[in-house]
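In what follows, a structure is listed as structure tokens, so that the remarks can point back to it.
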Amino acid sequence: MEEKGAGQSLFSEKANPSSLEWIEFFQEKIKEADVAFLDRFLALNHPADIAEVLEKLEEDEVFYVFKRCDSELQSSILVEFDEEFQADLISRLQMKEISPILENMETDELSSLISEFPKDKAEEILNSIDQEDSSQIRKQLTFREYTAGRLMNTVFASAVETDTVRKAIIKLRKIARDTDDIYHLYLTDENNVLKGYVKLKNLFLAPLNTKVSRLMKTGFTSIHYDTDQEEVAKIFRKYDLVSAAVVDDLGRILGRITVDDILDIVHEEASEDILRLGGVSEEEKLTSSVLTSVRRRIVWLTINLGTASLAASVVSFFGDTIEKYVLLASLMPIVAGMGGNAGTQSITLIVRNLATGDLTTENWKSAIRKEGLVGLFNGFMVGVTAGLIVYLFTGNTALAAVMFMALQANLLIAAVIGTSIPLLLRVLGIDPAIASSIFVTTFTDVFGFFCFLGLATIFIHLL
């Protein structure tokens with residue numbers, strides 16, 4: 001245990017990145033250059049925990065701690081960061097320091113990292129590492145970003161289908177020295193075309209002279225290199241895969257994707273959709289500079305200003321009605337707000353199901369029909385409740401009826417529009433997550449104001 005100055009607070013070397021006090025204590029140890037404490041911290045903690053602590057430090061502090069690690073630990077810590085953070089950290093190292101770190105990384109991790117550098121810097125790094133690895137990474141970088149080809153690890157265990165179990169195990173042991181997390185032994189023909197796979201348990205339990213082809217399974221085993229990473233994640237979920245081979249157009253095996261890669265993709269895609277639903281770039285982080293955040297948000301805020309002006313113009317069109325019955329001004333935001341909330345519920349459901357593949361061109365009509373019925377029933381119940389409240393406070397039956405009809409109509413439209421717009425945007429090739437909410441909110445505001453004030457205008461003599 002270590003003491004924190006005069007406060008006599010005790011902190012251990014075990015990472016506690018959720019505690020602000022512990023992070024401040026850790027920063028003090030860096031300022032004091034307490035290398036004994038830092039070395040114990042690095043020895044006692046998992047690379048993921050170390051990385052989580054480093055992400056909360058200043059750049060110079062991160063670099064100082066990172067430099068105290070050996071190349072193997074540096075590699076393990078580095079892969080826990082996002083690509084931008086990795087590139088910033090690597091760019092501060094000399095080339096002779098970079099090579100040993102990269103040699104301990106998998107090819108998929110290397111290709112993701114190198115793609116973040118400018119072309120000249122990437123070329124310099126590629127020339128500094130093992131020639132075979134460099135050649136493989138160059139090839140991998142030719143695949144489209146965010147596809148299986150970029151995601152795969154090109155080191156995998158394979159054997160020819162005519163091999164014996166003994167020969168296959170020898171090949172497996174050789175590959176095991178260069179990679180972790182081997183789940184399957186892939187079987188190919190003489191031309192490297194994938195034929196199937198063998199579970200390691202079955203391989204080790206079989207007699208050594210048995211042909212591996214007798215142990216082969218031929219279920220779902222491969223993914224084309226150009227498959228989008230989101231689709232890859234869906235395939236893993238659908239077939240409960242822990243590993244899948246990546247093949248070219250001729251069915252020849254190029255690499256493999258494992259479930260730990262998929263967990264990262266699921267996290268990235270979910271975070272991206274959540275941020276886009278709020279009109280925020282997926283590249284923005286809590287630590288982004290003020291100017292960066294302003295630049296990335298101002299576009300959608302400007303668009304929103306334009307759509308809000310459209311709603312305001314509808315209100316101004318009914319200015320005479322509002323002047324005659326001022327209470328309408330306090331009630332109309334309720335109609336628009338409820339419509340916006342109902343539309344957002346539909347958007348969230350539809351965008352989620354589009355992302356998971358549960359909503360397709362085959363069942364979109366039933367989705368719209370179902371959401372329309374939900375909007376109809378919700379509109380009726382909310383409308384009745386709001387109408388009763390208005391009547392209790394004002395004693396005005398006509399105003400209560402206008403409130404009921406406006407909410408009934410707006411919630412129905414909100415549900416249908418909230419379902420339709422994401423589908424339409426997907427057809428147009430626009431990401432529904434980033435654009436749907438603005439259009440749906442605008443529509444429900446405009447229609448809500450128009451419906452409520454229009455009905456009030458019709459029944460103005462009864463109000």
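The values are calculated or read from the model by the stated rules, or taken from the named source; none is laboratory data. Please read all numbers here as calculations on a predicted model, not as lab measurements. Virtual Cβ from ideal backbone geometry, glycine too; neighbours counted across all protein chains shown. Quick note on the areas: whole protein, heavy atoms, side chains included, nothing else; ligands and nucleic acids left out. Shrake-Rupley method; radii C 1.70, N 1.55, O 1.52, S 1.80 Å.
Things to note:
- Among the residues of region 346-359, just one is open to solvent by 60 Å² or more (accessible area, probe 1.4 Å), more than 16 Å from residue 438 (Cβ to Cβ) and of a type outside the set (D, E, K, R), namely 349.
- First in region 311-322 and closer than 13 Å to residue 335 by Cβ, second anywhere and open to solvent by 60 Å² or more (accessible area, probe 1.4 Å), Cβ under 7 Å, 6 or more apart: 314/450
- Applying the criterion of being at pLDDT below 70 and closer than 15 Å to residue 39 by Cα to the residues of region 1-26, the residue that is surrounded by the most Cβ atoms within 10 Å (Cβ to Cβ) is 2.
- Single residue of 161, 83 found to be touching a Ser or Thr at 6+ places or on another chain (Cβ under 6 Å), of a type in the set (D, E, K, R), open to solvent by less than 60 Å² (accessible area, probe 1.4 Å) and farther than 16 Å from residue 255 by Cα: 161
- In region 397-450, residue modelled with the lowest pLDDT [restricted to those that are of a type in the set (Gly, Ala, Ser) and surrounded by fewer than 24 Cβ atoms within 10 Å (Cβ to Cβ)]: 435
- Top-ranked residue of region 451-463 - restricted to ones that are over 21 Å from residue 337 (Cα atoms) and part of a helix (DSSP H, G or I), ranked as most open to solvent (accessible area, probe 1.4 Å): 461
- So residue 385, is it in the same structural domain as residue 326 (by the TED database), at pLDDT below 90 and of a type in the set (Val, Ile, Thr): no
- Every pair of residues 6+ apart whose Cβ atoms lie under 9 Å, when the first sits in region 54-80 and is without any contact (Cβ under 8 Å) to a residue 12 or more places away in the chain while the second is among the charged types (D, E, K, R) and open to solvent by less than 80 Å² (accessible area, probe 1.4 Å): 67/97
- Evaluation of residue 60 against (1) of a type in the set (Asp, Glu); (2) in the same structural domain as residue 136 (by the TED database); (3) in a loop (DSSP other than H, G, I, E, B) (one fails), failing number: (3)
- When residue 239 is tested against the conditions (1) surrounded by fewer than 18 Cβ atoms within 10 Å (Cβ to Cβ); (2) in contact with a Phe, Trp or Tyr (Cβ under 7 Å, 6 or more places away or on another chain); (3) in contact (Cβ under 8 Å) with a residue 40 or more places away in the chain; (4) not β-branched (Val, Ile, Thr), the lone failure is (3).
- Looking only at region 331-345, and only at residues there that are of a type in the set (Gly, Ala, Ser) and closer than 12 Å to residue 445 by Cβ, the one that is surrounded by the most Cβ atoms within 10 Å (Cβ to Cβ): 339
- The residues listed here are 53, 35, 79, 65; of these, the one that is modelled with pLDDT of 90 or more, assigned by the TED database to the domain that holds residue 111, within 29 Å of residue 119 (Cα to Cα) and of a type in the set (A, V, I, L, M) is 65.
- Residue within region 197-205 that is open to solvent by less than 40 Å² (accessible area, probe 1.4 Å) and either assigned to a strand (DSSP E or B) or out of contact with any strand residue (DSSP E or B) (no Cβ under 9 Å at 6 or more places or on another chain) (or both) present: yes
- Entirely in region 98-186, the helices (runs of 4 or more DSSP H) that have 3 or more residues that are assigned by the TED database to the domain that holds residue 242: 165-176
- Filtered residues of region 206-226 (kept if surrounded by 14 or more Cβ atoms within 10 Å (Cβ to Cβ), among the β-branched types (Val, Ile, Thr) and in contact with a strand residue (DSSP E or B) (Cβ under 6 Å, 6 or more places away or on another chain)): 212, 221, 223
- Qualifying residue in region 361-374 (condition: within 26 Å of residue 267 (Cβ to Cβ) and either in a helix (DSSP H, G or I) or among the hydroxyl-bearing types (Ser, Thr, Tyr) (or both)): no
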